[in-house]
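Participant: Please read through the structure below; I'll follow up with questions.
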Amino acid sequence: MTVAPICFKTCYNDQIVTKDIHTLVRPCRSMLKCANLLRSISVNSSEKEKPSKFTLKSSSRDKHLQSLDSYFGKFKENKNLVSSAARDDQGGVKGDYDETCGLYLIGTIASLNIAVYLFEIASPVKNSDLDLFSLPALYGAKINHLIVYGEWWRLLTPMFLHTGMLHIGLGCWVLLTFGPQVCRAYGPFTFFLIYILGGLSGNFTSFLHTPYPTVGGTGPAFGIIGAWLIYHYQNKDAMNKHGFERMYQKAVVATGLGFVLSTFGPIDDWTHFVSVFTGIAYGFFTCPMLQPGSGEENGMTLIGRNVDPCKSLVFFSIFVVVLSSLLLVFEPPMGSLAVDTLV
């Protein structure tokens, strides 16, 4: 039995094969694209999970902001402690108001002295027998005869009179250098009384000491120096020694300049000396005391920050009465000028 081989004829059409190949390749390409897309998505998600530089910077900024918030919180607490420590017995808050008021007071006094000096320059007097060559000096200087005959204001007005640029420069320099510290320590009202009492005591001493006409524009300034000295002496344990030495040198320079100026004009050296002594004595009775605080944050506890105005006024009246009583003991010299030439 013979086997005849059967041959199947298979026809390969190129178009059909190519179509099948394309149909097979297209899904593969689409699968590759999907795989690449999934891979890129996974990479992006992994990158998002990693902390970037921006997130690191933002976290560091958050830490800095938190530290600043804690610092300002502590600063606010310290400020509240200081403000509560600066309250007086009546519950009123002291500090900025008193300091601003003191600066206005010092500026007003300095401006008044400068205005009077400008008026002295603008109103000269020639051929004066009293060596007073301006209208304010002629009608406001210390002249013993006229004071005895009733012009008592001449014991007060010389504290606003000056003899020249150096004289008023010295007075304003001392006022602006020592005035803010004394005003901050004693308070504006007591500072004003120290200024008036320094000038009044100096003029009164010159009235009892010399018969010559004098002006005392620097007398109040030396009274302020005296009050500053006693304040630092009574609180030397709580004050900065370096600042005290620097200010003390300025006080010595002012005293030396005062003695030099007294040789060139109608200025009495006893005016400066007694003004300093009066400032020391008055400051001794009205000086506030300081003591170091026990807390680390407080640093210093103030006791009696400003003087009681009633207490300052009482001591001011006592000093004026004591000065006036000196007339019962000492007789002022009258000099050699006739009264008719002074009227």
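Participant: Can you pull out the residues in region 109-129 that are over 28 Å from the mean Cα position of the chain (by Cα), assigned to a helix (DSSP H, G or I) and touching a residue at least 40 places away in the same chain (Cβ under 8 Å)?
Facilitator: Going residue by residue through region 109-129, those that are over 28 Å from the mean Cα position of the chain (by Cα) are 118-129.
Then keep just the ones that are assigned to a helix (DSSP H, G or I); that gives 118-122.
Passing the criteria: only Glu120.
Participant: Select, from Gly256, Gly243, the only residue that is in a helix (DSSP H, G or I), at pLDDT below 90, open to solvent by less than 60 Å² (accessible area, probe 1.4 Å) and not β-branched (Val, Ile, Thr). Reasoning before the result, please.
Facilitator: Numbers: Gly256 fails: at pLDDT below 90.
The conditions single out Gly243.
Participant: Identify, from the list Pro266, Pro333, Pro309, the residue that is modelled with pLDDT of 85 or more and over 19 Å from Tyr231 (Cβ atoms). Break it down into steps so the answer makes sense when it comes.
Facilitator: Working: Pro266 fails: modelled with pLDDT of 85 or more; Pro309 fails: over 19 Å from Tyr231 (Cβ atoms).
One residue alone meets the criteria, Pro333.
Participant: Residue under question is Leu208, and the condition is that it be surrounded by fewer than 24 Cβ atoms within 10 Å (Cβ to Cβ) and under 17 Å from Thr255 (Cβ atoms); does it hold?
Facilitator: Working: surrounded by fewer than 24 Cβ atoms within 10 Å (Cβ to Cβ): yes; under 17 Å from Thr255 (Cβ atoms): no.
For Leu208, the condition - surrounded by fewer than 24 Cβ atoms within 10 Å (Cβ to Cβ) and under 17 Å from Thr255 (Cβ atoms) - is not met.
Participant: Moving to a separate point now. Pairs needed: first member in region 315-342, under 26 Å from Ala137 (Cα atoms); second member anywhere, modelled with pLDDT of 85 or more and of a type in the set (Val, Ile, Thr); C-beta distance under 8 Å; at least 6 residues apart or different chains.
Facilitator: Short answer, once both residue conditions are applied: Pro332/Ile147; Pro332/Val148; Pro333/Thr210; Met334/Val148; Leu342/Ile143.
Participant: I'd like the full set of residues that are touching a residue at least 40 places away in the same chain (Cβ under 8 Å) and either open to solvent by 20 Å² or more (accessible area, probe 1.4 Å) or out of contact with any Leu (no Cβ under 9 Å at 6 or more places or on another chain) (or both), limited to region 131-143.
Facilitator: Matches in region 131-143: Asp131 only.
Participant: Evaluate the following for Ala141: is it in contact with a strand residue (DSSP E or B) (Cβ under 8 Å, 6 or more places away or on another chain) and of a type outside the set (Lys, Arg)?
Facilitator: Values: in contact with a strand residue (DSSP E or B) (Cβ under 8 Å, 6 or more places away or on another chain): yes; of a type outside the set (Lys, Arg): yes.
Spelling it out, Ala141 is indeed in contact with a strand residue (DSSP E or B) (Cβ under 8 Å, 6 or more places away or on another chain) and of a type outside the set (Lys, Arg).
Participant: May I ask you to list the residues in region 268-288 that are more than 23 Å from Phe192 (Cβ to Cβ) and either open to solvent by 20 Å² or more (accessible area, probe 1.4 Å) or among the aromatic types (Phe, Trp, Tyr) (or both)?
Facilitator: Once the filter is applied, which keeps residues that are more than 23 Å from Phe192 (Cβ to Cβ) and either open to solvent by 20 Å² or more (accessible area, probe 1.4 Å) or among the aromatic types (Phe, Trp, Tyr) (or both), region 268-288 yields Asp269, Trp270.
Participant: Take the residues of region 217-240 that are at pLDDT 90 or above and in contact with a His (Cβ under 8 Å, 6 or more places away or on another chain): which is farthest from Phe160 (Cα to Cα)?
Facilitator: The residue in question is Phe222.
Participant: Among the residues of region 103-126, is any modelled with pLDDT under 85 and under 19 Å from Val215 (Cα atoms)? Steps first, please.
Facilitator: Keep residues of region 103-126 that are modelled with pLDDT under 85, which gives 125-126.
Those left that are additionally under 19 Å from Val215 (Cα atoms): 125-126.
Yes.
Participant: Can we say Phe160 is aromatic (Phe, Trp, Tyr) and under 24 Å from the mean Cα position of the chain (by Cα)? Even if it seems obvious, please write down each step before you answer.
Facilitator: Working: aromatic (Phe, Trp, Tyr): yes; under 24 Å from the mean Cα position of the chain (by Cα): no.
In short, no.
Participant: So how many residues does region 130-152 have that are part of a helix (DSSP H, G or I) and within 39 Å of the chain's Cα centre (by Cα)? Full working, then the answer.
Facilitator: Narrowing region 130-152 to residues part of a helix (DSSP H, G or I): 135-140, 144-148, 152.
From what is left, the residues that are within 39 Å of the chain's Cα centre (by Cα) are 135-140, 152.
So the count comes out to 7.
Participant: Separate question: Hey, Phe192 hits all of (1) in contact (Cβ under 8 Å) with a residue 24 or more places away in the chain; (2) more than 34 Å from the chain's Cα centre (by Cα); (3) surrounded by fewer than 23 Cβ atoms within 10 Å (Cβ to Cβ) but one; which does it fall short on?
Facilitator: (2)
The values are calculated or read from the model by the stated rules, or taken from the named source; none is laboratory data. On a predicted model such as this, the values are computed, not experimentally measured, just so you know. Glycine gets a Cβ as well: all are built from the backbone with ideal geometry, and neighbour counts include every protein chain shown. Accessible surface areas use protein heavy atoms only, side chains included; no ligands, DNA or RNA. Shrake-Rupley method; radii C 1.70, N 1.55, O 1.52, S 1.80 Å.
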